[in-house]
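Engineer: Quick one: the structure is below, and I'll ask about it shortly.
Quick note: the coordinates plus some simple rules give every number you see, no bench work behind them. Computed from a predicted structure; not experimentally measured. Reconstructed Cβ throughout: ideal geometry from the backbone, glycine too, with neighbour counts over all protein chains shown.
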Ligand SMILES: O=C(O)CCC(=O)C(=O)O
């Protein structure tokens, strides 16, 4: 049993769960170095995905195809147990990205995750998508630790308003190597980085197997990666949940 009753209760009641110091420190360091190297390399090509004011934040997409360390990371057993608890044992990967907040990145505002905000209301009361935020740095009040509004996954009609600070919003801080599991229906988002160092995180985002993932992994991930993938990774990439191809 990889999740205890208290952890399940936190996911049910608050809608998020902090798994403190889950990732060994040498792995965390390697993931951080590799993430920043990928971010720098993508900036050099002129085709990087930057966002927020002054391009102060950056995403690197499709990590499963960008290093064996990421192929292994996305199968982390306790993180996957939390995803399977929320989304069913056959849940799949929706996207796996780096999210860097450079010094000066502003608060990104609260949101719910793709595709929930596009659904008619009331939204389903059970989880459809969930995110894992990997702290590759200590996440602090100053460097942009993820904000969450506890219990907001129960607000099936409402959406967070942009620019509003909610009184019950909490920043979830923790040491590097921690992983925050977030029901995608929780009002959440990154906050301002007021330090002089980048805040580096990974976002392992999952969905129920009946949903279309945010990234088309079976077209984006190389044959080499797919051929060496474990049964778990194949399932996460969507090989077991394809539409019927009968002509
Ligand atoms: O990087 C973070 O702190 C959270 C990012 C996030 O909420 C998202 O991309 O959905």
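Engineer: Looking only at region 140-163, which residues are more than 27 Å from residue 208 (Cβ to Cβ) and either within 15 Å of the ligand (Cβ to nearest atom) or without any contact (Cβ under 8 Å) to a residue 12 or more places away in the chain (or both)?
Structural biologist: Listed by number, the residues that qualify are 140, 141, 142, 143, 144, 145, 161, 162.
Engineer: Now, a different point. Counting only residues that are free of Cβ contacts under 8 Å to residues at least 40 places away in the same chain and part of a loop (DSSP other than H, G, I, E, B), which one in region 109-124 is surrounded by the most Cβ atoms within 10 Å (Cβ to Cβ)?
Structural biologist: Across region 109-124, the extreme among qualifying residues is 119.
Engineer: What residue, among those in region 82-106 that are more than 15 Å from the chain's Cα centre (by Cα) and crowded, with 18+ Cβ neighbours inside 10 Å, is farthest from the ligand (Cβ to nearest atom)?
Structural biologist: Of everything passing the filter in region 82-106, 85 is farthest from the ligand (Cβ to nearest atom).
Engineer: Another question about this same structure. Quick one: which strands (runs of 3 or more DSSP E) sit completely within region 38-103 and have at least 1 residues that are over 18 Å from residue 137 (Cβ atoms) and in contact (Cβ under 8 Å) with a residue 40 or more places away in the chain?
Structural biologist: 92-101
Engineer: Follow-up question, since we're still on this one. Scanning region 196-221 for residues that are crowded, with 17+ Cβ neighbours inside 10 Å and more than 14 Å from residue 94 (Cβ to Cβ), which turns out farthest from the chain's Cα centre (by Cα)?
Structural biologist: 198
Engineer: Among the residues of region 125-139, what is the count of those that are part of a loop (DSSP other than H, G, I, E, B) and either touching a residue at least 12 places away in the same chain (Cβ under 8 Å) or within 9 Å of the ligand (Cβ to nearest atom) (or both)?
Structural biologist: Residues meeting the conditions: 6.
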